[in-house]
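The values are calculated or read from the model by the stated rules, or taken from the named source; none is laboratory data. Computed from a prediction, not measured in an experiment: that's the story for all the values here. A quick note on method: Cβ atoms are made from the backbone with ideal geometry, for glycine too, and the neighbour counts reach across all protein chains shown.
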Amino acid sequence: MDACVQPGLLPVHDAIARIIAALEPTTATETVSLFDGLDRVLAENIIAPINVPGADNSAMDGYAVRLQDGGDELTLIGESFAGHAFSGDIRAGQTIRIMTGGLIPAGADTVVMQENVTRRGDSIRINKLPDVGENIRRAGEDIAVQSLVLSKGHLLTAVDIGLLASLGIHQLRVFQRIKIALLTTGDELLAPGDVYQPGKIYDSNRPLLHALLKRLPVDVKDFGIVPDNPEALRKVFLSAREYADLVISTGGVSVGDADYTKEILSELGEVNFWKIAMKPGKPFAFGLLGNSLAEKTRATKCWFCGLPGNPVSTAVTYHQLVVPAVRYLAGENPVEPIVIKAVAAKPLKKQPGRMDFQRGIFSIIDGVNSVSSAGLQSSGVLSGMGKANCYIRLEAGRSSVAAGESVDVILFDRFIR
């Protein structure tokens, strides 16, 4: 058995469920410009105010014809370009030159590709007859007026911004960004830029998390490095509680003599849980920061997530536990990770007891999903995570994996890259 496994560790899925059950998503909203909508969460459904396309138009360059009347010898009577429509009707034996995006004139039922006609002056001969209705993009074919385009709770992507622009929408009702307080604990830590000192290490957790949080609809306030001192920790947590909807700390949640974070969190709030059957990342504290009646009943509560101090443990627990929490707290609809199957290219070491999120390199070889270890799996080796493009998620009860066995893979997404 895994030497770190202890009775009563909370399974990963249960931990996520307890976090989501405890949190109360924000209800505060604001109106922003479409150009400021990227990575914001919609606070209302978007209903299409118009058809897209707005009218029948040509899917390619060619000639608009009335094919239902038959005949392959036609007279050219005009043209229709995008933004410059033909104003008349088309009758039997007539055609107009039409370009991609040009409106289909009244009477026309088909567009013939220009490659399939022969033109001599105003005389057009169709060399290859298409089917009736071919090469026409119908009004509302992409988006129908009054249809649901995007739902409340949707995290807006760049493509969504373009889609909404195609509807003429220029303002969006979104949930306000939630406020995150970020801090790191440890006497051994130096800030990047400090003069190196023997026995010290540079703090990578805070810069890593600060960068990753930019992917989410949050405002981050950096509370810096806090020494392993109960009074210092208490002061910072009290200050962070006044600012934040969620406090994220790293370090100090284990069982070492100088690990005071969980102790102070228990004093100032309520720890929902703090040990998970997860590797890396067993010591992870979640709960409510504020134990007075006023704190518990105020409109905006302050939650906390205490992450382990090793950098890989920080990254993995952030991605697997904090990201779903933040997305839900920010008003986004819950999103399940996409899990795919792959064949282990080489053996993978594992002891039963905890769900293991090994860092892997996924590839497709001869049409087969394949995955291999990204290198050392120590929770302190951040370089291995930099080489990886996925997690190899091994079930808690599973032991070592032989080459050729099937495993679950979760590809890295934008929230961990």
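Observations on the model:
- Among the residues listed as 45, 57, the single one being touching a residue at least 60 places away in the same chain (Cβ under 8 Å), at negative phi and surrounded by 15 or more Cβ atoms within 10 Å (Cβ to Cβ): 57
- Once segment 107-121 is narrowed to residues that are in a strand (DSSP E or B) and either more than 45 Å from the chain's Cα centre (by Cα) or free of Cβ contacts under 8 Å to residues at least 24 places away in the same chain (or both), the residue that is nearest to residue 67 (Cα to Cα) is 117.
- Of the candidates 406, 399, 383, the single residue that is outside the structural domain of residue 316 (by TED's automatic domain parsing) and free of Cβ contacts under 8 Å to residues at least 24 places away in the same chain is 383.
- Qualifying position, being farther than 21 Å from residue 9 by Cα and outside the structural domain of residue 37 (by TED's automatic domain parsing), among 195, 271: 195
- Residue, surrounded by the most Cβ atoms within 10 Å (Cβ to Cβ), within segment 334-388, restricted to residues that are of a type in the set (Val, Ile, Thr) and assigned to a strand (DSSP E or B): 371
- Unmet criterion (only one of (1) modelled with pLDDT of 95 or more; (2) surrounded by 13 or more Cβ atoms within 10 Å (Cβ to Cβ)) for residue 82: (1)
- Within segment 209-247, considering residues that are assigned to a loop (DSSP other than H, G, I, E, B) and in contact with a strand residue (DSSP E or B) (Cβ under 7 Å, 6 or more places away or on another chain), the one modelled with the lowest pLDDT: 228
- Considering (1) within 30 Å of residue 395 (Cβ to Cβ); (2) free of Cβ contacts under 8 Å to residues at least 60 places away in the same chain; (3) part of a loop (DSSP other than H, G, I, E, B), the lone condition that residue 8 does not fulfil carries the number (2).
- Of note, residue 287 does not satisfy the criterion of being in a loop (DSSP other than H, G, I, E, B), small (Gly, Ala, Ser), more than 20 Å from residue 224 (Cβ to Cβ) and under 27 Å from the mean Cα position of the chain (by Cα).
- Of the residues making up segment 323-336, at least one is under 30 Å from residue 44 (Cβ atoms) and polar (S, T, N, Q).
- Filtered residue count, segment 107-132, keeping only those that are out of contact with any Ser or Thr (no Cβ under 7 Å at 6 or more places or on another chain) and loosely packed, with under 12 Cβ neighbours inside 10 Å: 6
- Of all residues making up segment 180-194, the number that are among the small types (Gly, Ala, Ser), out of contact with any helix residue (DSSP H, G or I) (no Cβ under 7 Å at 6 or more places or on another chain) and on the phi < 0 side of the Ramachandran plot: 1
- For segment 56-63, the count of residues that are of a type in the set (A, V, I, L, M) and not in a loop (DSSP other than H, G, I, E, B) is zero.
- Hey, residue 214 surrounded by fewer than 20 Cβ atoms within 10 Å (Cβ to Cβ) and in contact with a Leu (Cβ under 9 Å, 6 or more places away or on another chain) or not: no
- Filter result (among the hydroxyl-bearing types (Ser, Thr, Tyr) and more than 20 Å from residue 311 (Cβ to Cβ)) within segment 380-401: 399, 400
- The residues of segment 33-55 that are under 30 Å from residue 327 (Cα atoms) and assigned to a loop (DSSP other than H, G, I, E, B), listed by number, are 37, 38, 39, 40, 43, 44, 45, 48, 49.
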